[in-house]
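Worksheet for the structure shown next.
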Amino acid sequence: MSPKDTPHRMGYRYDIWRIVVVTAFGIAAGLVSGEMVLWLFLTTLGFLAWHLYNLHHLLHWLREPKHKRIPEFPGVYEMICREIFRLRDRHKKRKKQLSGYLQQFQQATSALPDATVVLGPNDEILWANDAAQDYLGVRWPQDLRQRLTNLVRQPGLAELLRRHATSRQALEIPSPVRPGVHLSVLLVPYGKDQRLFVARDVTRLQQIHQSQNDFIANLSHELRTPLTVLRGYIEVMREREVECPPEWLGSLAQMETQTERMQAIVEDLLLLSRLEARDKPLQAEPVDMPALVRRLRDEAQRLSGPGCHRIDIDVDEGLLLLGEKDKLHSAFGNLVANAVQYTDPGGRIALRWYRDGDGAHFEVRDTGQGIADHHLPRLTERFYRVDGSRARASGGTGLGLAIVAQILKRHNAILHIVSEPDRGSVFRCDFPAVAIALVPVEAV
């Protein structure tokens, strides 16, 4: 075979010579016998029968994966068999490589202290590590193809699985198999219609957080009584200013201001502790949001003073909200009061209540001083201040936005903040679609 004679060319030559020989034999036999058509038909039929025989052997070889011997069919059949064998061998190597990767992944996730479960498109269990049995009661491989919600029955878990494509917010649930253990679960989509369900033990963190809340709540209760007594004495002394030495009057005014400020901090801390405790479930009722927005506008106008700010509203009159009216009023009122407080005289404040495909939204937009980007992630922390001197001068406690965030969390809502220095801010409360209540058409 010359260097130019590749196996493919040799195969084609075999087939061409085979066709030439069979045709020549048919023509020669036809000339000798005088039955040209008959002999051409018979040779063609024999050639087709030979092809069917080779195809049968090729099919038998394909059905036997462990049979490594390639059938010896000179020509195109041999080329096809060799190509199939090459592809099969490459597929085996790739399969072995992927199997190794999968084994490494399973070994790595099995060593993780967090419970890890791989879920399919219908929430069925495809794989789980050893920690999943310790924290969730999910056994591998006994629970293969079982739905996770059938094994872990916890409020909120079904909703988390349902909205996995649009949210990666963690959910805290108690462990179904270990009393006293609290888990933070997270659902991460990956691959094709698969999700990684991860549960982490946050018992210690929750205990620390609870201890902090208990300390603050107890301290607030303890401070409440002496502050009330101190404020009472200061009020009595202020009522009898005539009898007080003149040099005491300035001190009394400062004492009264600071006592009121301390009492406001104590009241906000107690409210924040009650919101974080969540002892009572949400008492959701239809809240007339258009009326509430108009009330907030009137309150903002009184706080602003006559002609100090321009306050506009834009409300969907047929849109109500399922929630607790007093707490929602407190949260929204806090946002509106901040807009009035930090917007210079002559500025514009807009209140908007609307809905879209993502749910319902209450928005407060102002043309005030604005907030730098690096402050935004920490605005809802307790006592965090963008400008401490300015906040203290205005009488703020530093707890307002923390209370707003907790009230929204209680209503399964999120506070979204967009701000730019010297150009104003937008505080938007995003409520899920399930919190929407509509006014009947005839009532609008």
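Charges were assigned to the Cβ only: +1 to each Lys and Arg, -1 to each Asp and Glu. The resulting dipole of the chain about its Cα centre is roughly 2720 debye. Find how many whole Å separate the alpha carbon centroid of the range 231-264 from the alpha carbon centroid of the range 332-348. Using only Cα atoms, the two centres lie 30 Å from each other. For the chain, excluding the exposed loop sites themselves (GluC sites (Glu not before Pro), DSSP loop, at most 15 other Cβ atoms within 10 Å), the longest remaining stretch covers 73-316.
The angle between the Cα long axis of helix 36-62 and the main principal axis of the chain comes to about 40°, on a 0 to 90 degree scale.
Computing Cα Rg over 2.2 N^0.38 Å directly from the structure and comparing it against (1) 1.26; (2) 1.75; (3) 1.04 singles out (2). Taking Cα atoms only, the orientation of helix 246-277 departs from the longest principal axis of the chain by about 30 degrees.
Put in line by how crowded their Cβ is, counting other Cβ atoms within 10 Å and starting with the fewest, Lys192, Lys325 read Lys192, Lys325.
As I understand it, the dipole of the chain uses +1 on the Cβ of Lys and Arg and -1 on the Cβ of Asp and Glu, about the Cα centre. Which of Gln107, Leu205, Tyr14 lies farthest toward its positive end? Farthest towards the positive end: Tyr14.
Amide hydrogen proximity for Ile313: with H placed 1.01 Å from N in the peptide plane, the residues at 5 or more positions away or on another chain lying under 5 Å are Leu351.
Put simply, the convex hull of the Cα atoms in the range 285-443 casts, on average, a shadow of 9.4 nm².
Non-local lysine pairs in the chain, meaning eight or more places apart or on different chains, with alpha-carbon distances under 24 Å, amount to 17. In terms of modelled amide H atoms, which long-range or inter-chain residues lie less than 5 Å from the amide H of Ala437? Here Leu320, Leu321, Leu322 satisfy the definition.
Its residue count N sets the reference 2.2 N^0.38 Å, and the alpha-carbon radius of gyration of the range 209-277 equals 1.41 times that reference.
The angle separating the long axis of helix 289-304 from the principal Cα axis of greatest extent in the chain is about 50 degrees.
Close amide H pairs (under 5 Å, H built 1.01 Å from N) link Leu112 with no residue at least 5 positions away or on another chain.
Laboratory data are not the source of any read-out in this text; all were calculated from the coordinates shown. Worth saying up front: this structure is predicted, and the values here are computed from it rather than measured. Backbone-built Cβ (ideal geometry, glycine too); neighbour counts: all protein chains shown.
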